[in-house]
1. Pick from 327, 339: which is in contact (Cβ under 8 Å) with a residue 60 or more places away in the chain, assigned to a loop (DSSP other than H, G, I, E, B), in contact with an Asp or Glu (Cβ under 6 Å, 6 or more places away or on another chain) and among the small types (Gly, Ala, Ser)?
2. Where in region 126-220 are the strands (runs of 3 or more DSSP E), entirely inside, with at least 3 residues that are open to solvent by less than 40 Å² (accessible area, probe 1.4 Å)?
3. Here are some conditions: (1) out of contact with any strand residue (DSSP E or B) (no Cβ under 8 Å at 6 or more places or on another chain); (2) modelled with pLDDT under 95; (3) over 24 Å from residue 337 (Cα atoms). Residue 409 meets all but one. Which one does it not meet?
4. Please go through region 302-326 and pick out each residue that is at pLDDT 95 or above, in contact with a Gly (Cβ under 8 Å, 6 or more places away or on another chain) and open to solvent by 20 Å² or more (accessible area, probe 1.4 Å).
5. Of all residues in region 419-450 being closer than 16 Å to residue 12 by Cβ and outside any strand (DSSP E or B), which is modelled with the lowest pLDDT?
6. Would you pick out the residues in region 532-558 that are more than 39 Å from the chain's Cα centre (by Cα), part of a helix (DSSP H, G or I) and among the basic types (Lys, Arg)?
7. Has region 249-258 got at least one residue that is among the aliphatic types (A, V, I, L, M), over 20 Å from residue 378 (Cβ atoms), assigned to a helix (DSSP H, G or I) and touching a residue at least 12 places away in the same chain (Cβ under 8 Å)?
8. For residue 256, only one of the following conditions fails: (1) over 20 Å from residue 312 (Cα atoms); (2) β-branched (Val, Ile, Thr); (3) over 26 Å from the mean Cα position of the chain (by Cα). What is its number?
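The values are calculated or read from the model by the stated rules, or taken from the named source; none is laboratory data. The structure presented is a predicted model; accordingly, all values stated were derived computationally and were not measured. Counting neighbours? That spans all protein chains shown, and the Cβs are built from the backbone with ideal geometry, glycine included. Side chains included, ligands, DNA and RNA excluded: accessible areas come from the protein's heavy atoms. Shrake-Rupley method; radii C 1.70, N 1.55, O 1.52, S 1.80 Å.
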Amino acid sequence: MSGERLIYLPLGGAGEIGMNAYVYGYGKPGKERLMLVDMGVAFPDMDTSPGVDLILPDLGWLVENLNRLDGILITHAHEDHIGALGHLWPLLKKPVYARKFTATIGRLKFEEAGLPLDAIHTIEARPAAVEIGPFTVQFLPVAHSIPESSALIIDTPAGRIIHSGDFKRDPTPVVGEGWDDALMEAVAAEAPVKALMCDSTNVFSLHPGRSEASLAEPLTEMIKGAGGMVVATTFASNVARLKTLAEAARAADRSICVLGRAMKRMISAAQETKVLTGFTRIVSPEEALEIPRRNLMLLVTGSQGERRAASAALSRGKYLGFEMKQGDTFLFSSKTIPGNEKGVLKIVNAYSEMGVDVVDDSNGKYHVSGHANRPDLEHVHRTFLPDMLVPMHGEHRHLREHVRIAHEAGIAGIIATNGMMVDLTGEVPKVVEHIEAGRVYLDGTAQVGALDGVVRDRIRLALNGLAMVTVILDEQNEPLGDAWVELMGMSQTGLGDRALNETMETELTEFMSRASGKILSDDDKLDEALKRIVRQVAMEEIGKKPEVRVVISRLSAE
């Protein structure tokens, strides 16, 4: 083993929540055989990434070292762990390994993208194992807010790694496997755990986590007591919550109708893979419209205020024939992810104006987290007793707090954010290299680098507006006619209610008439001069400096 090392390199998910992508490697420095765990996405917002559809991890370093990459593992089917698979797999073209439900979701993504379905391999849970280069990997069942979530047991020549994935200590998760302390203790007893890579999402939550099963009674009581139609939203992937809501509706003598493609797809995949059984019959929208409102509950997408989801569509008026009315109830059985508050509040206020009663999770009765809280994390530390802890799946403050807790327990720990390559070989982890770990924007169907300037230009246009200047010059570089200015995203009038574009055109035309031949014959100098004049006029007239684009047309002598 001399001269070889075990490395860990997060390319996403460390220092942020979302966009998970973690590289493990073993071998001689610079020649390690590699494997990738998860290929997730993050979601854009209008402030920092307007118009962007998804945010993907930048896998440039992996592409440069593609001959060393042996495989890809997906821990579970949440979008922040699997969402980039269909977009970025063509860059890698390596075998993908996942459990049955996750593999089913992965194949749906591959099918949509026209990628080969046989690249995704279904792996059973422990004790089944898969060999990926120097790594032997087992999928260890854990509880989370989506079926068949798994931690990974990664056995290497340098020792055993536990990659926790997303998890919670819930022995009764309603759907899928529960957390099994005896199983975890058996894993810990098999071999010493060199490193625990651990979920840090809820490290600041000081009370033990609650079970999914604890929601059945309060949800049933709430739905039974509601008048009119009930509409409930949650994360589309939370199959257990959908089952809990459906059973509560059935207990309240209400039929279930599901609106939203993502939710229908998750239910179908869960039933196909047998992780969801005994689900209440779902009526079609056409059938639902014939059912009395007091006997109907809709399960809809859009718990995070997504503009195109069913929740938002209903808040704007009719959707597929359904319409919210006074006395109806809308339930958010979910937590609003930071950054999504505006979209959610817009929906809440729209329903309020309709006279709809909106129920959320502010009282903690109708939602439980899918992540382990601090006491549960400490329990896991004590169970595995790792030589070192490397926190992941959290913002920097989460990682720092998680390391502090580890140190208090006598466990070595390190804060490793995206791009920090950590050597796990010795007694304590140490950063040995920094990799450029950026992000890629999915903008429509195009992938653009975050530093390419596309989104930066879009933000500048949104903040400042755009002035388009057109000038025409003849064969002798003399102006033909006046300059022409078109404004977008700016006030159309300036001081004294004068048309702003006309004020600019006057200034530009006067400049062109007296400009030297040296300037008029040089596109770069002319472009710079015209931009300066437009920005100066705009600042004087409306107090803004717009983005300026200049079109210079020159007539040829031919």
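1. Sole residue among the options that is in contact (Cβ under 8 Å) with a residue 60 or more places away in the chain, assigned to a loop (DSSP other than H, G, I, E, B), in contact with an Asp or Glu (Cβ under 6 Å, 6 or more places away or on another chain) and among the small types (Gly, Ala, Ser): 339.
2. Where strands (runs of 3 or more DSSP E) fall fully within region 126-220 and carry at least 3 residues being open to solvent by less than 40 Å² (accessible area, probe 1.4 Å), they are 135-141, 150-156, 159-163, 193-199.
3. Every listed condition holds for residue 409 apart from (2).
4. Scanning region 302-326 gives 323, 325, 326.
5. 450
6. Listed by number, the list holds a single entry, 532.
7. Pass one, region 249-258, residues among the aliphatic types (A, V, I, L, M): 249, 251-252, 256, 258.
Then drop every residue that is not over 20 Å from residue 378 (Cβ atoms), which leaves 249, 251-252, 256, 258.
Imposing the further condition that a residue be assigned to a helix (DSSP H, G or I) reduces the set to 249, 251.
Next, from what is left, pick out any that are touching a residue at least 12 places away in the same chain (Cβ under 8 Å): 249, 251.
Yes; the residues of region 249-258 include at least one that is among the aliphatic types (A, V, I, L, M), over 20 Å from residue 378 (Cβ atoms), assigned to a helix (DSSP H, G or I) and touching a residue at least 12 places away in the same chain (Cβ under 8 Å).
8. With (1) over 20 Å from residue 312 (Cα atoms); (2) β-branched (Val, Ile, Thr); (3) over 26 Å from the mean Cα position of the chain (by Cα) applied to residue 256, the lone miss is (1).
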